[in-house]
Amino acid sequence: MERNNNEKHAVVYYKTAQWLKQFCTQETCYPKIKNMWTEENSFWGHCAIIALYMYNQYGGSIFCGNLVGDKLTHYWNRIDGVDMDFTREQFKSSVKFENVHRKRKSDMLENKNFSLRFDLFLQQINSSHVKK
């Protein structure tokens, strides 16, 4: 019974993440890779934003790690003890991570650029609710 309940929650989490795609824009993309962002790959450069949003909604923990052989950092969630990478599809192939560690919300928001992009992301979500 518990496993079935966890699966239902996972479906809700992933549906939420897919809904969030529409708010991932070049403006909210990680600046160092912004030139590679496209509408077709809108999660590109948004892993930290999506991870924090999902953390705020569903709790759990945020983890990050470096792509093996690259300096890029990637963020994902652990909810109810299960790793959930809501933006994994931004990568065209399978990727592995090293130097994996937990990230605190407060540490993420201390980064002024990230904080501004996250606020803009939230404004886009909030304005979409007003329009309806």
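Observations, loosely collected:
- Among the listed pairs Lys8/Lys103; Lys32/Lys103; Lys34/Lys71, those whose Cα-Cα separation exceeds 24 Å are Lys8/Lys103.
- Counting every C-alpha pair in segment 2-131, the share spaced more than 21 angstrom apart comes to 39%.
Here, each number is a calculation from the coordinates, and none is a lab measurement. Since we're looking at a predicted model, the values are computed, not measured.
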